[in-house]
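What follows is calculated from the coordinates using simple rules that are stated; it is not laboratory data. Source: prediction; values computed, not measured. Please note: Cβ atoms are built from the backbone with ideal geometry, for glycine as well, and neighbour counts cover all protein chains shown.
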Amino acid sequence: MAACGAFRPSQHQSAFVSQRSAAARPKRSGFTLIELLIVVAIIAILAAIAVVNFKLAHDRALQSADAANLHTIATALQTYVVDHNVLPPADREAGPFPSHGPEFTQVMNGPAAGGSHDGLPWLLVEQGYISDPKTLFCPKYLKLYSGGQTHRGGWPRYHNFRYAYNAAAVSSGGAGAHGVMTGEVWTWGEDNQFEFALYSDMAPRLVVGGTDEPAR
């Protein structure tokens with residue numbers, strides 16, 4: 001006999017209460033496989049866009065530094081001409097020293113174009129026309145060749161990548177033809193890559209590498 005006042009639900013009532021409790025509990029939520037794949041794809045696209053934008057910003061920063069170097073070099077060359085009534089002689093050997101003298105006759109360790117060409121005169125630094133030696137080097141090559149050594153002398157490898165120079169021909173680290181003082185640009189660069197060069201008016205201009213065509 002049941003205790004007085006106690007309530008014992010019937011089997012039907014227990015089932016009804018159990019169903020209501022189950023209905024009251026929230027359903028479990030989560031990402032489906034398709035939703036996860038979509039999220040991963042969106043993240044990958046955004047990452048690819050960010051990488052491209054970062055590279056473009058990096059290249060523009062290097063170009064700006066390159067142009068600033070050539071502005072400084074142009075001023076130094078013009079000042080040297082005012083002082084000496086002649087352009088400074090080109091260097092023939094890679095390294096942090098002037099190498100325009102007749103004793104420098106060896107080849108294949110030039111200060112520009114990877115060792116195959118004459119470079120901007122170091123005496124511009126030695127005589128105070130340029131204060132920072134790194135101005136003589138294209139920023140791109142300073143980064144690219146921070147390791148290794150020159151073909152001779154054991155200097156850092158970037159000393160083979162000074163701005164190229166022949167009389168007054170200055171460009172972004174390589175070889176070319178003619179001289180900018182005649183009105184023709186000294187050209188250098190990989191095909192279809194943009195490079196800076198000084199013209200006869202000593203104004204740096206961005207040109208298509210290997211040509212004298214202006215960059216568009």
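Once the chain from residue 38 to residue 75 is taken as fully extended at 0.36 nm per residue, the excess over their C-alpha distance is 7.7 nm.
Would you mind calculating the relative contact order of region 51-162 from Cα pairs under 8 angstrom and at least 6 residues apart, reporting the percent as a whole number? Kindly include the intermediate steps, with their values, before the conclusion.
Details: 170 pairs, mean separation 27.4, N = 112.
Dividing the mean separation by the residue count of region 51-162 yields 24 percent.
Cβ neighbours within 10 Å, averaged per peptide: list 143-152, 118-127, 53-62, 84-93 in order, most packed at the top. Let's see the in-between values first.
On the way: 143-152: 14.0, 118-127: 21.9, 53-62: 11.0, 84-93: 17.6.
The peptides rank, most packed first, as 118-127, 84-93, 143-152, 53-62.
Residue 74 sits among other residues whose Cβ lies under 12 Å from its own Cβ, and their net charge, with Lys and Arg +1 and Asp and Glu -1, is 0.
Around residue 145, with a cut-off of 12 angstrom between Cβ atoms, what is the net charge of the other residues, counting Lys and Arg +1 and Asp and Glu -1?
Values: positive: 140, 143, 157, 162; negative: none.
My count for the surroundings of residue 145 gives +4.
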